[in-house]
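Before any comments, here is the structure.
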Amino acid sequence: MPSDALPPGPKGTLIAGNLREFARDRLDFYVKLAREYGDLSSFRFGPFRRVFLANHPDLIEQVLVTDAKHYIKHFGARNYMPVLGNGLVTSEGDFWLRQRRLSQPAFLKQRVLDYAPVMTDLTNAMLARWRTGTAVSVHTEFGALTSAIALKTLFGLDDPGDRAAFVERLRAAFLLLTGRFEKLVNFPLWVPTPHNVRIRRAVAHLRRVVDGFIATARARKEPGNDLLSRLVAAQDHDGSRMTEDQIRDEAMTLYLAGHETTALTLAWSWFLLAKHPDAERKLVEEWARVLGGRAPTTDDLHNLPYTDAVLAESMRVYPAVYLIGREATKDLELGGYRVRKGYTVFMSQWVTHRDPRYFGPDPDAFRPERWLDGLAKRLPKYAYFPFGGGPRVCIGNTFALMEAAIILATVGQRYRFTVDTEEVGTNPQITLLPANGIPATLQAR
Ligand code: HEM
């Protein structure tokens, strides 16, 4: 019988619960919870929202896999529905299953491999614009590149040119929505508070832009090789297709989920490499040996183990998605405790990826070598989960890993980055942003 007591956790105040410590430093808050209270702890957002933090791989597996059908996405993810609509990240139940089935073929490995030349060409186009000695924000540069790749592969579109403004609006919309996360009281979006009016304006703008992407893609006489064309053509086994609204929500979701996370993974990787010249030297040696100065083809990707190890280690230390959550749809058991219907369970990549039981003795250290001796096979499955797991595992993981490896090897053979600051702070929003974009100088090799 599960215990009706709550797992241990910090006390918090009557009304705000633990919101204040959370708002002060989210990552530190989660790390301290795990360190002080163990594999399953509990805290409160506001007077009523009870949250468990699960950080043992078996507990994570139970939530994401074994009991997946009794959980839905958590309240924080639902907060993003004004932007993401009922797309794959936010939808639930039979509707989600149908959309996932319709989308899945477009993400099969064989299909994803077709996008490699686009990734290489757009990376080379970026390199042609770069000049040695230029000061850049690493996050902005790779955000622009992965956005261009997403537009081309998802919608068959060339970068419309006003991308920077669009991405700024996107970030603004997400910051506004994330701001709701920390508030004790949130008015529904239809209440015209100044905050809500700003959110609604930003969302309306984003929708217009994405509708424009879709209209341009549809206006083509021949359906392209892009994901959108495939989604439009996709049929469920009963012969039904997606409606216009569904296509818009999926397009917005895939564009967003499909570029910012990979941009962050690359930005954090370059930051770590700039701080670990030994690892960078080994990478350059691997590329010289296998590629000899040319961009990698999909066949080369099997022969770049150190490149894979660098990406795996960078996603361990700075996971672009650092927290996922689920809400129980009925009373459940977890780690001997009762998870009541409506309770939220958080699982944090930031915390579990630093657990000394799996990544000790120095879990904070960036050491790609740890992945070269079969660590991935020895680890409990959910000690490392940069792409989540279970039925809601990231649909774009093959796409992302291939894109990140191609970009890393193509850029890294021509340029390196010198990062002037010793430490770059983290800014955990929906994804793990670098606090100041990682300012660096381009140095030709
Ligand atoms: C390094 C890059 C990426 C990381 C770290 C990442 C991480 C994740 C994680 C952790 C989830 C699960 C969220 C949850 O369980 O609540 C997820 C879901 C998802 N990701 Fe990714 N992702 C990446 C790249 C991509 C790309 C390139 C695409 C598309 C082109 C994509 C599309 C999606 C979608 C649609 C979902 C929702 C799937 C569903 O619920 O059925 N992601 N991602």
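Under 8 Å between Cβ atoms, at least 6 apart or on separate chains: pull out the pairs that start in the range 77-101 with a residue that is on the phi > 0 side of the Ramachandran plot and touching a residue at least 12 places away in the same chain (Cβ under 8 Å) and end on any residue that is polar (S, T, N, Q) and crowded, with 21+ Cβ neighbours inside 10 Å.
What qualifies is Gly85/Thr253.
From (1) in a helix (DSSP H, G or I); (2) over 12 Å from Thr265 (Cβ atoms); (3) of a type in the set (A, V, I, L, M), pick out the condition that doesn't hold for Ala400.
The failed condition is (2).
For Ala295, state whether it is at pLDDT below 95, among the aliphatic types (A, V, I, L, M) and away from the ligand (no atom under 14 Å from the Cβ).
yes
Sort out which residues of the range 323-351 are more than 16 Å from the ligand (Cβ to nearest atom) and in a strand (DSSP E or B), and write them in order of number.
Correct list: Leu332, Glu333, Leu334, Tyr337, Arg338, Val339.
For the range 170-199, give me each residue that is aliphatic (A, V, I, L, M), under 22 Å from Pro428 (Cβ atoms) and at pLDDT below 75.
Within the range 170-199, Leu170, Ala172, Ala173, Leu175, Leu176, Leu177, Leu184 meet the criteria.
Could you identify the single residue in Ala409, Ala404 that is crowded, with 18+ Cβ neighbours inside 10 Å and more than 15 Å from the ligand (Cβ to nearest atom)?
Result: Ala409 is the single residue among Ala409, Ala404 that is crowded, with 18+ Cβ neighbours inside 10 Å and more than 15 Å from the ligand (Cβ to nearest atom).
Collect the residues in the range 103-124 that are aliphatic (A, V, I, L, M) and either over 22 Å from Gly396 (Cβ atoms) or loosely packed, with under 12 Cβ neighbours inside 10 Å (or both), keeping them in residue-number order.
Once the filter is applied, which keeps residues that are aliphatic (A, V, I, L, M) and either over 22 Å from Gly396 (Cβ atoms) or loosely packed, with under 12 Cβ neighbours inside 10 Å (or both), the range 103-124 yields only Leu108.
Against the definition (at pLDDT 95 or above, under 22 Å from the mean Cα position of the chain (by Cα) and either on the phi < 0 side of the Ramachandran plot or among the charged types (D, E, K, R) (or both)), how does Glu36 come out, yes or no?
So Glu36 fails the test.
Please verify whether the range 423-432 includes one or more residues that are within 16 Å of the ligand (Cβ to nearest atom), at pLDDT 95 or above, in a strand (DSSP E or B) and aliphatic (A, V, I, L, M).
Among the residues of the range 423-432, at least one is within 16 Å of the ligand (Cβ to nearest atom), at pLDDT 95 or above, in a strand (DSSP E or B) and aliphatic (A, V, I, L, M), which makes the answer yes.
Just need a number here: residues in the range 352-392 that are part of a helix (DSSP H, G or I), within 14 Å of the ligand (Cβ to nearest atom) and surrounded by 17 or more Cβ atoms within 10 Å (Cβ to Cβ).
4
Residues in the range 250-265: is at least one away from the ligand (no atom under 16 Å from the Cβ) and among the acidic types (Asp, Glu)?
For the range 250-265, residues away from the ligand (no atom under 16 Å from the Cβ) and among the acidic types (Asp, Glu): absent.
Restricting to the range 196-224, count the residues that are surrounded by 14 or more Cβ atoms within 10 Å (Cβ to Cβ) and not in a helix (DSSP H, G or I).
Within the range 196-224, residues that are surrounded by 14 or more Cβ atoms within 10 Å (Cβ to Cβ) and not in a helix (DSSP H, G or I) number 2.
If only one of Ala309, Ala202 is of a type in the set (Gly, Ala, Ser), away from the ligand (no atom under 13 Å from the Cβ) and modelled with pLDDT of 85 or more, which one is it?
Ala309
The values are calculated or read from the model by the stated rules, or taken from the named source; none is laboratory data. It should be emphasised that the depicted structure is a prediction, and the values quoted were computed from it without experimental measurement. Heads up, the Cβs are rebuilt from the backbone with ideal geometry, glycines too, and the neighbour counts pull from every protein chain shown.
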